[in-house]
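**Q** Okay, here's the structure, questions in a sec.
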Amino acid sequence: MHSIIKTSFAAIVAAGITATAAHADAHALSGDLVIFSDMSNPAPRAVMESMVERFGAMHPDMNIELTVIDREAYKTQIRNFLTADAPDVANWYAANRMLPYVNAGLFEDVSDIWEGQLSDELASTKGALTIEGKQYGVPYTYYQWGVYYRKDLMEQYGLSEPTTWAEEKANCQTYLDNGIKCYTIGTKFLWTAGGWFDYLNMRTNGYDYHAALTGGTENWDSEATRATFANWRELIDMGAFIDNHQTYSWQEAMPFMVNGEAASYLMGNFSVASFREGGLDDSKLDFYQFPEITAGIAKGEDAPTDTFHIPSGATNKENARAFLKFVVSADNQTLINNGENLGQLPVNSLSSVDDDKFLNEGFAMLSNDAPGGVAQFFDRDAPAEMAAVAMEGFQEFMLFPDNLDDILARLDEAAVDIYAE
Amino acid sequence: MPASKYEQPKRSWYKRNEIAVTPILFLLPGVFFFAVYVIYPVFQSFNISLYKWDGLGEAEFIGLKNYQKLLEDRAFETSLWNNLKWLVLYLLAIPMGLFISLFLNQKVTGIRLYKSLFFFPFVISQIVVGLVFSWFYDPTFGIFTKMLGLIGLEIKGGVLGNPTAVTYGIIAAGLWPQTAYCMILYLTGLNSVDPEQVEAARLDGAKGWKMLWYVIIPQLKPATFIAFVVTIVGALRSFDLISIMTRGGPFGQSRVLSYYMFEKALSEYGFRMGYGAAIAVVLFMIMLVFIAYFLWSMYQEEKGAH
């Protein structure tokens, strides 16, 4: 699934977008710029294409070549094109996901872009893009995670948004008594269970412990981790999760909530679009932050960040740097993240958030209510191999909670090899 | 000027050795590509399996450590057992294909249509077969689940969500197209059954099972051999169905070696080329047993023919 859009000067003029060139950089660049992107879903794709168009209008002499690759296929193709036929700009993810490429010297150090003012504007994600004091890419969007729930069901049973673990469980019991499952989830692709673990662990033991665990400096078989699983087990034993979740993808688990068979869904904000398509408007759909478990622990949140990088093998690094600067500019971030485009959160602190209930709540939560820290997501914080083994263990635990000893021992064993590198 | 001696007409070296050289020339392109694309990668895999390598950075030589790890790896053990289940149960396609072909080997109106319908599952993509069976097995609305419910049975988590049932469920899905394949092999085989022998057997009073066992099946031996080969190969290559139906889950209980190798070396979370190569080598060794048997029996046949 490749498509190439060549944006040439003539095409821009024909499209009549020259007006936007008014606020172009002081000097227009020329030459080539090759971009490989994984933004293949309809909305992200349109965003990517419009960014190229607007950047092209600022630099009319530049010949920009955009290749959009299917998002899943991209994950394996990136290894080939980074070594063999590197583009000038490529999409990827922050944190541990980019570590192998940084270690192999395939991503360019772009600390110079981050120098000065930009570091302040992008402060919230700087850590996720920093490896050993240097930055290797720039963020273009991120989104919050949290509990999306059926507002009408909650009102029907006279409940309110829980803020503590006890309230969460009490709410859940009420739903169960009325024949409704508390949480829908589809663990066929495993990562959804990783989201549950992230939150339970960050609330039980705090962000720092969670970071140490995914970073390989804490053992899996420990009092602290067992406490996390014990909390998880309380929900499992109540029968809080939908049955047969191991056979569903995250999308296939949505109808349970849309049909009112389940009350809530721990998910990323990207699910809102599908919920709305399924017929849940803002009177039926709402959002709350995952409640406190251990009192007094600073709350940490998951907010996966998607990024742009310059491969070391790029030929037009000057142009690529200009494009990266353009991507992170406040205006561009405001535009591409609004409700009509990505519908996510801009990373630049000077940009404005679109007037959308969930974006506003998410923005407020990440800005004010995440004092513990912002994590990327389990499979981006932990090394890929560890994530694969661990998320499989989470799924097993959700089905057979009695296997916990065995699972933890297995994870520790795998960790020895994986973190030794 | 006397004619001193008879001069042989000048012939090129090629002309003189034509008979000996030509077969080699014809073989050369095939041998070349086989060597470059099959033999060389086999040894390359052996080599990579001795390294620790993430596919990007420096490869580190670690000797047989990857194989040592395989011995303790329970996911590998599960995959190996599942491969064995596939090998044994997939062979059911042969008798099933035989009986369907016997059933269809008659002359009634529209038999061509029936034959095509039975052959249909082999023509459609494995991906489609996988999807159809996933819906068939679906724990909430799948017709298989409903049918089991009618007789009071329930598989916890549905067929594909149950760690014990899942592999059998996928094998059953795989048997559907494989049976059709064996059927078509036997149908062509039945065309070449000698009617005089059948006639003679009938005069001697053979019928039913005896006729089948002593007269028909021996004549179908070539078809059986091919059916056996393609079924074994099919069982060892079982990848697409697993990938589309369960992705090896729940928690890795439906993996086979080929899928495990893919996961470790090439998938989204895989960065262990050496480990993946070690799994591939083990799979190759298993295949080698069958390949050796096939080659040996073909060799025997050739020898017998002369």
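The values are calculated or read from the model by the stated rules, or taken from the named source; none is laboratory data. Computed from a prediction, not measured in an experiment: that's the story for all the values here. With ideal geometry, Cβ positions are generated from the backbone for all residues, glycine too; neighbour counts draw on all protein chains shown.
**Q** For residues that are part of a helix (DSSP H, G or I), among the small types (Gly, Ala, Ser) and more than 7 Å from chain B (Cβ to nearest Cβ), tally how many sit in region A:376-390. Spell out how you get there, then give the answer.
**A** The initial filter retains those residues of region A:376-390 that are part of a helix (DSSP H, G or I), namely A:378-381, A:384-390.
Checking the rest, the ones that are also among the small types (Gly, Ala, Ser) come to A:384, A:387-388, A:390.
Filter again for more than 7 Å from chain B (Cβ to nearest Cβ), leaving A:390.
Matching residues across region A:376-390 total 1.
**Q** Given the conditions (1) among the charged types (D, E, K, R); (2) surrounded by fewer than 11 Cβ atoms within 10 Å (Cβ to Cβ); (3) in the same structural domain as B:Tyr260 (by TED's automatic domain parsing), and given that B:Glu58 satisfies all but one, which numbered condition is not satisfied?
**A** (3)
**Q** Hey, does region B:226-247 have a residue that's charged (D, E, K, R), within 30 Å of A:Ser249 (Cβ to Cβ) and either crowded, with 19+ Cβ neighbours inside 10 Å or within 14 Å of another protein chain (Cβ to nearest Cβ) (or both)? Explain how you work it out, then say what you get.
**A** Step one: list which residues in region B:226-247 are charged (D, E, K, R), which gives B:237, B:240, B:247.
Filter once more, so that each one left must be within 30 Å of A:Ser249 (Cβ to Cβ): B:237, B:240, B:247.
Still in the running and either crowded, with 19+ Cβ neighbours inside 10 Å or within 14 Å of another protein chain (Cβ to nearest Cβ) (or both): B:247.
Within region B:226-247, one or more residues are charged (D, E, K, R), within 30 Å of A:Ser249 (Cβ to Cβ) and either crowded, with 19+ Cβ neighbours inside 10 Å or within 14 Å of another protein chain (Cβ to nearest Cβ) (or both).
**Q** Then there is this: Answer with yes or no whether A:Ser349 is in contact with a helix residue (DSSP H, G or I) (Cβ under 6 Å, 6 or more places away or on another chain), hydroxyl-bearing (Ser, Thr, Tyr) and either without any contact (Cβ under 8 Å) to a residue 12 or more places away in the chain or surrounded by fewer than 20 Cβ atoms within 10 Å (Cβ to Cβ) (or both). Step through it out loud before you land on a result.
**A** Working: in contact with a helix residue (DSSP H, G or I) (Cβ under 6 Å, 6 or more places away or on another chain): yes; hydroxyl-bearing (Ser, Thr, Tyr): yes; either without any contact (Cβ under 8 Å) to a residue 12 or more places away in the chain or surrounded by fewer than 20 Cβ atoms within 10 Å (Cβ to Cβ) (or both): yes.
Taking the combined requirement at face value, the residue satisfies it.
Here's the yes/no breakdown for (1) closer than 18 Å to A:Leu366 by Cβ; (2) among the acidic types (Asp, Glu); (3) more than 24 Å from the chain's Cα centre (by Cα):
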residue	(1), (2), (3)
A:Leu153	no, no, yes
A:Tyr157	no, no, yes
A:Gly186	no, no, no
A:Leu190	no, no, no
A:Trp196	no, no, no
A:Glu223	no, yes, yes
A:Glu234	no, yes, yes
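**Q** Further question: Could you identify the single residue in B:Phe262, B:Phe251 that is within 14 Å of chain A (Cβ to nearest Cβ), modelled with pLDDT of 90 or more and not in a helix (DSSP H, G or I)?
**A** Numbers: B:Phe262 fails: not in a helix (DSSP H, G or I).
The unique qualifying residue is B:Phe251.
**Q** Also: Scan (1) assigned to a helix (DSSP H, G or I); (2) in contact with a helix residue (DSSP H, G or I) (Cβ under 9 Å, 6 or more places away or on another chain) for the single condition B:Gln300 breaks and write down its number.
**A** (2)
**Q** Can you confirm whether B:Gly142 is out of contact with any Cys (no Cβ under 9 Å at 6 or more places or on another chain), of a type in the set (Gly, Ala, Ser), modelled with pLDDT under 90 and surrounded by fewer than 16 Cβ atoms within 10 Å (Cβ to Cβ)? Working first, answer last.
**A** On the way: out of contact with any Cys (no Cβ under 9 Å at 6 or more places or on another chain): yes; of a type in the set (Gly, Ala, Ser): yes; modelled with pLDDT under 90: yes; surrounded by fewer than 16 Cβ atoms within 10 Å (Cβ to Cβ): no.
Spelling it out, it is not the case that B:Gly142 is out of contact with any Cys (no Cβ under 9 Å at 6 or more places or on another chain), of a type in the set (Gly, Ala, Ser), modelled with pLDDT under 90 and surrounded by fewer than 16 Cβ atoms within 10 Å (Cβ to Cβ).
**Q** Continuing with the same structure: With the condition kept exactly as written, say whether any residue in region B:220-229 is modelled with pLDDT of 90 or more and in contact with a Pro (Cβ under 6 Å, 6 or more places away or on another chain).
**A** No; the residues of region B:220-229 include none that is modelled with pLDDT of 90 or more and in contact with a Pro (Cβ under 6 Å, 6 or more places away or on another chain).
**Q** Does A:Ser367 count as more than 9 Å from chain B (Cβ to nearest Cβ), in a loop (DSSP other than H, G, I, E, B) and among the small types (Gly, Ala, Ser)? Even if it seems obvious, please write down each step before you answer.
**A** Details: more than 9 Å from chain B (Cβ to nearest Cβ): yes; in a loop (DSSP other than H, G, I, E, B): no; among the small types (Gly, Ala, Ser): yes.
Criteria not met by A:Ser367.
**Q** Do you know which of the residues in region B:63-116 that are exposed (fewer than 12 other Cβ atoms within 10 Å of the Cβ) and of a type in the set (A, V, I, L, M) is nearest to B:Phe228 (Cα to Cα)?
**A** Of the residues in region B:63-116, the ones exposed (fewer than 12 other Cβ atoms within 10 Å of the Cβ) are B:63-64, B:71-72, B:74, B:88, B:103, B:106-110, B:112-113, B:116.
Still in the running and of a type in the set (A, V, I, L, M): B:64, B:71, B:88, B:108, B:113.
Details: B:Leu64: 34, B:Leu71: 30, B:Val88: 11, B:Val108: 30, B:Leu113: 26 Å.
Only one residue fits best here, namely B:Val88.
**Q** Where residues in region B:159-186 are surrounded by 20 or more Cβ atoms within 10 Å (Cβ to Cβ) and within 12 Å of chain A (Cβ to nearest Cβ), which of them is nearest to the chain's Cα centre (by Cα)?
**A** B:Gly169
**Q** Scan region A:79-100 for residues that are of a type outside the set (Gly, Ala, Ser) and either in a loop (DSSP other than H, G, I, E, B) or at pLDDT below 90 (or both) and jot them down.
**A** Within region A:79-100, the first condition is being of a type outside the set (Gly, Ala, Ser), and the residues that meet it are A:79-83, A:85, A:87-89, A:91-93, A:96-100.
Once the filter is applied, which keeps residues that are of a type outside the set (Gly, Ala, Ser) and either in a loop (DSSP other than H, G, I, E, B) or at pLDDT below 90 (or both), region A:79-100 yields A:Arg79, A:Asn80, A:Thr83, A:Asp85, A:Pro87, A:Asp88, A:Asn96, A:Arg97, A:Met98, A:Leu99, A:Pro100.
**Q** Pairs please, first residue from region B:227-243 and over 20 Å from B:Tyr293 (Cβ atoms), second anywhere and among the β-branched types (Val, Ile, Thr), Cβ atoms under 8 Å, 6+ apart in sequence or on different chains.
**A** B:Phe239/B:Val256; B:Asp240/B:Ile127; B:Leu241/B:Val129; B:Leu241/B:Ile170; B:Ile242/B:Ile170; B:Ile242/B:Val256
**Q** Right, another one. Would you say A:Phe358 is within 30 Å of A:Lys151 (Cα to Cα), of a type in the set (Phe, Trp, Tyr), assigned by TED's automatic domain parsing to the domain that holds A:Arg97 and touching a residue at least 60 places away in the same chain (Cβ under 8 Å)?
**A** Yes.
**Q** Restricting attention to region A:41-88, which residues are among the hydroxyl-bearing types (Ser, Thr, Tyr) and either touching a residue at least 40 places away in the same chain (Cβ under 8 Å) or crowded, with 19+ Cβ neighbours inside 10 Å (or both)?
**A** Taking region A:41-88 as the starting set, the residues that turn out to be among the hydroxyl-bearing types (Ser, Thr, Tyr) are A:50, A:67, A:74, A:76, A:83.
Selection gives A:Ser50, A:Thr67, A:Tyr74, A:Thr83.
**Q** Then there is this: In region A:271-288, which residue that is touching a Leu at 6+ places or on another chain (Cβ under 9 Å) and either touching a residue at least 40 places away in the same chain (Cβ under 8 Å) or within 16 Å of A:Gln395 (Cα to Cα) (or both) is nearest to the other protein chains (Cβ to nearest Cβ)? Please lay out each step first, then the result.
**A** Narrowing region A:271-288 to residues touching a Leu at 6+ places or on another chain (Cβ under 9 Å): A:272, A:275-276, A:284.
Now drop any that are not either touching a residue at least 40 places away in the same chain (Cβ under 8 Å) or within 16 Å of A:Gln395 (Cα to Cα) (or both), which leaves A:272, A:275, A:284.
Values: A:Val272: 25, A:Phe275: 20, A:Lys284: 23 Å.
The qualifying residue nearest to the other protein chains (Cβ to nearest Cβ) is A:Phe275.
**Q** Pairs under 7 Å by beta carbon, first residue under 17 Å from B:Ile244 (Cβ atoms) in region B:136-160, partner of a type outside the set (Ser, Thr, Tyr) and surrounded by fewer than 14 Cβ atoms within 10 Å (Cβ to Cβ), six or more apart or different chains?
**A** The qualifying pairs are B:Phe136/B:Ile143; B:Gly142/B:Trp135.
**Q** Just name the residue that is nearest to B:Val233 (Cα to Cα) out of those in region B:168-214 that are polar (S, T, N, Q) and at pLDDT 90 or above. Before the answer, list the steps.
**A** Applying the first criterion (polar (S, T, N, Q)) to region B:168-214 yields B:178-179, B:188, B:191-192, B:197.
Going one step further and asking which of them are at pLDDT 90 or above, we end up with B:178-179, B:188.
On the way: B:Gln178: 11, B:Thr179: 14, B:Thr188: 21 Å.
Result: B:Gln178.
**Q** Provide a single number: the residues in region A:391-421 that are at the interface with another protein chain (Cβ under 10 Å from one of its Cβ atoms) and touching a residue at least 24 places away in the same chain (Cβ under 8 Å).
**A** So the answer is 9.
**Q** With among the aliphatic types (A, V, I, L, M), surrounded by fewer than 16 Cβ atoms within 10 Å (Cβ to Cβ) and in a helix (DSSP H, G or I) as the only criterion, which of A:Ala193, A:Ala212 stands out?
**A** Criteria check complete, one pass: A:Ala212.
**Q** State which residue is farthest from B:Gly252 (Cα to Cα) when the search covers only region B:278-301 and only residues that are buried (at least 23 other Cβ atoms within 10 Å of the Cβ) and touching a Phe, Trp or Tyr at 6+ places or on another chain (Cβ under 8 Å).
**A** Step one: of region B:278-301, the residues buried (at least 23 other Cβ atoms within 10 Å of the Cβ) are B:278-280.
Still in the running and touching a Phe, Trp or Tyr at 6+ places or on another chain (Cβ under 8 Å): B:278-279.
Numbers: B:Ala278: 19, B:Ile279: 15 Å.
In this case the residue turns out to be B:Ala278.
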